[in-house]
Amino acid sequence: MFMTMRKMLLLLIAGLFSLQIATAANPAPAAKFKPFPADTVQKFIKKYGKDSLVHLLDERIAKAQRYVSLQHINMRDNFVAMETKLYSKHFGLGLDTLDFTSTYTSGLIYKLYGNFYGDEQAHVKNLEQMKSQKLDLMQLFYQNMTSVYGRTGFTTLCKHVDTPAEALDTLYKYRVVLTGGDKIQHYWVFAEYNKNCHDKHPKIDEYQKSFYSELYKTYNFRQILVKGDTLTKTNSEIINLYYPARVLAYGLYSNEVSLENQGDNLMYLLHLQNNSDGGWPIYNEAYRQGNINASVYGLWALCEFREKVKALK
């Protein structure tokens, strides 16, 4: 039964993913990509049932998991490393046991899914010592807000310090000076603050929603595939698949993305994943190979989507 459904699903996806890719040896005009309908996932589930889709997601997640496990030695970003360990622990992927030797994470603190990376109690103790010394915590915040580590500490420990609403207002305004990966990672501040300190700011929902909307308009798979731009020096960021993969993973984590409002992104994820190595490339080109950063967030997004599919009644 599963094999039959799986074959039907693969045939459907193959049809949906029909896209001509020119080879480097014999280039041909690129076919215009036809975007997936917003309700593609719902239509398939209605016709074939959600179990067959869950089964496919299990297979794709296992492939991506193997890729990240093999390629983790190439990771260079300590925040990507911490997030990988935390979401892996939440979804039981086993990647949290890996040693990311090329990244510096000692002494850092981070939080996802209610789990801490780093020594929470040690950081809380340091915070209490600063309070006992009657240091101006808000002054320290303003001095350190331009540091990603300062913003991370403020967000992760928000339950342990009473800060005025202006602190988060300031961080929201600060987003406009950030670009690329820095701006996307900054969104985590609002997603995580909303999960842990929702009652401390009256506009946290508004900030999270509007910030995600800004990011998604700039970084999304649909426009990359529809435009089909050839890689140049000037567009290398806007068509870099790592950015929309990370935005999507964060959007799923913060519940800004659902199967109802952006379910077509699941199809883009499946389409862009390499059959050869199980990873996601850095650019959508022929002879692609996986990229560790893009694959970390592609895997995270697939895990989130699987949970949402399983939760469907």
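Only the coordinates and a few stated rules stand behind these numbers; no lab work does. Quantities reported herein were computed from a predicted structural model and do not represent experimental measurements. Quick reminder, even Gly has a Cβ in these numbers, built from the backbone with ideal geometry, and neighbours come from all protein chains shown.
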key: Sparse-neighbourhood loop sites, GluC sites (Glu not before Pro) in the stretch 216-308 - DSSP loop, at most 16 other Cβ within 10 angstrom   = E237, E285
Cα-based Rg and Dmax for the stretch 153-196, where Dmax is the largest Cα-Cα distance (Å) = 10.6, 31
ask   = Hey, what does the equivalent ellipsoid look like for the stretch 90-139, semi-axes from the Cα gyration tensor as sqrt of 5 times each eigenvalue, largest first, whole Å?
value = 29, 13, 9
note = Here Rg/Rh (Cα, Kirkwood) for the stretch 39-153 equals 1.15
note = A correct Kirkwood calculation over the Cα atoms of the chain returns a hydrodynamic radius in Å of 20.8
ask   = Using Cα atoms only, what is the angle between the long axis of helix 292-310 and the major principal axis of the chain, expressed in degrees (0 to 90) to the nearest 10?
value = 80
request  = Report the net charge of residues surrounding N265, where surrounding means a beta-carbon distance below 13 angstrom and charges are Lys +1, Arg +1, Asp -1, Glu -1.
outcome  = -2
query = Once both axes come from the Cα atoms, what is the angle between helix 180-196 and the longest principal axis of the chain, in degrees from 0 to 90, rounded to 10?
reply = 70
task = Please compute the net charge surrounding K183, taking Lys and Arg as +1 and Asp and Glu as -1 over other residues with Cβ under 10 Å from its Cβ.
result = -1
key: Given charges at Cβ of Lys, Arg, Asp, Glu: the chain dipole, positive-most of G150, V41, M130   = V41
inquiry  = Just to confirm the filter: which chymotrypsin sites (Phe, Trp or Tyr not before Pro) across the stretch 68-104 are DSSP coil and have at most 13 other Cβ within 10 angstrom of their Cβ?
reply    = Y104
request  = Taking H placed 1.01 Å from N in the peptide plane, check which residues at least 5 places from K111 or on another chain put their amide H under 5 Å from its amide H.
outcome  = Y117
Free-standing Cys residues across the chain, given no other cysteine C-beta under 4.7 angstrom = C303
query = Which net charge results for the neighbourhood of T40, defined as the other residues with beta-carbon distances under 13 angstrom from its beta-carbon, given Lys and Arg at +1 and Asp and Glu at -1?
reply = +2
message = Just to confirm the number: angle between the C-alpha axis of helix 204-218 and the first principal axis of the chain, 0 to 90 degrees, nearest 10?
response = 40
ask   = Cross-link list K34/K310; K32/K209; K34/K308; K159/K195; K131/K203: which exceed 20 angstrom alpha carbon to alpha carbon?
value = K34/K310; K32/K209; K34/K308; K131/K203
key: Rg/Rh for the stretch 130-244, where both radii come from Cα atoms and Rh is the Kirkwood radius   = 1.07
